[in-house]
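Any read-out appearing in this document is the output of simple, stated calculations on the displayed coordinates, not a laboratory observation. All figures in this text were calculated on a predicted structure; none of them were measured in a lab. Backbone-built Cβ (ideal geometry, glycine too); neighbour counts: all protein chains shown.
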Amino acid sequence: MTTYKTTSLVTGGAGFIGSHLVDALVARGGRVAVVDDMSSGRKQNLNSRVEFYEADIRDAAMRDVFRTVRPEVVFHTAAQMSVSVSARDPMLDAEVNVMGTLNLLDAMRSSGGGKMVFASTGGAMYGAASDLPTPETSPSRPGSPYGASKLAVENYLPVYRELYGIDFSILRPANVYGPRQNPHGEAGVVAIFTKSMLTGGAVRIFGDGEDTRDYVYVDDVVRAMLLAGERGGTGPYNVGTGRETSVNELAGRLSRLTGYACDPVHAPARPGDLRRASLACDRAKKELGWSSRTSLDAGLSLTAEWFVTETRAARLRT
């Protein structure tokens, strides 16, 4: 196992992607700190070997946290992550995703700089792209406030490097799924479907279900973030599989894994949702030596197994 001596700080480190990243960092050695406001993070996800600061990334207290930790690498995964929430409340989306990130960057300035690995978005960055799978060279045309807020941060990062010497790498993940994903929000269709199927709830599909997405397993995303922190350039780096899977196909695969026998319920399509999306990841392969390793069948199986265990534990608690 590689020893990783860097001092790292992970925002959103009690959340889905962040907690998996934290576990990987702890396993490699080095000092790891976590910032999370616990609005969607879970105490069960927190690694016991980290320094934990319960705080909102928008808080002025971030400067104190950064001066205490003095991280060399900041892995920024905290975000308002729902496209539909951003469409209903674009001000909230911008406050968290833009102003919150600028607050972190200013905290980095005050503590001596370092590098930020920024979890942007691949699924919402390119809009209705003509090239599928979509490379990073395609125009950025977000069709939602969520995508626009991530693009705004991407545009700020080179400015902060030029003016203040803060290094960065931008990752654009596709639709990330896996254990620990929140099934109670509006983002994360794999988690939402799996939880509903295991508890006998209705599976709701927006539109006709033929919308496609590029589903990438969380461990693959974590590996890309670690590589970006170690040796990544500025990017942006798409992080996906290059394969399209429709919502109907996804629901069918999960039904077979969970034994769910009911038909999905179709609801009107949501504003801001794309018809098709998948990512070309040639730059990540060339510059980071990264490519996805986990097949959709394997990843969904691991995810379903985790949710089965979680569902049983929840029933025992009640």
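Below, the figures for the structure above:
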item	result
Directionally averaged shadow of segment 104-154, computed from the convex hull of its alpha-carbon atoms, nm²	4.1
Where a label projected 7 Å from the Cα of residue 315 along Cα→Cβ would reach, residues of segment 242-283 with amide N under 16 Å	258-261
Sites residue 184 and residue 244, calculated FRET efficiency, Cβ-Cβ separation with R0 22 Å, nearest 0.05	0.25
DSSP bridge pairs, segment 1-76: antiparallel proportion in percent, nearest 5	0
Lysines with Cα under 23 Å of residue 150, excluding same-chain neighbours fewer than 8 positions away	115, 285
Normalised contact order of the chain, rounded percent, pairs of Cα under 8 Å and 6 or more residues apart	17
Shape parameters for segment 197-267, alpha-carbon atoms, Rg then Dmax in Å	16.4, 47
(i) 128; (ii) 240; (iii) 172, with the label sought being that of the calculated volume of the Cα convex hull per residue in Å³	(i)
Spacing of the two label points (7 Å from each Cα toward its C-beta) at residue 88 and residue 48, in nm	3.8
Per-selection Rg to Rh, segment 125-239 - Cα, Kirkwood hydrodynamic radius	1.02
Separation of alpha-carbon centers, segment 204-235 and segment 271-318, rounded to whole Å	8
Mean separation of Cα contacts under 8 Å (6+ apart) over length of segment 15-165, as relative contact order %	22
Whole-number percent relative contact order across segment 166-206, with pairs defined as alpha carbons under 8 Å at least 6 apart	23
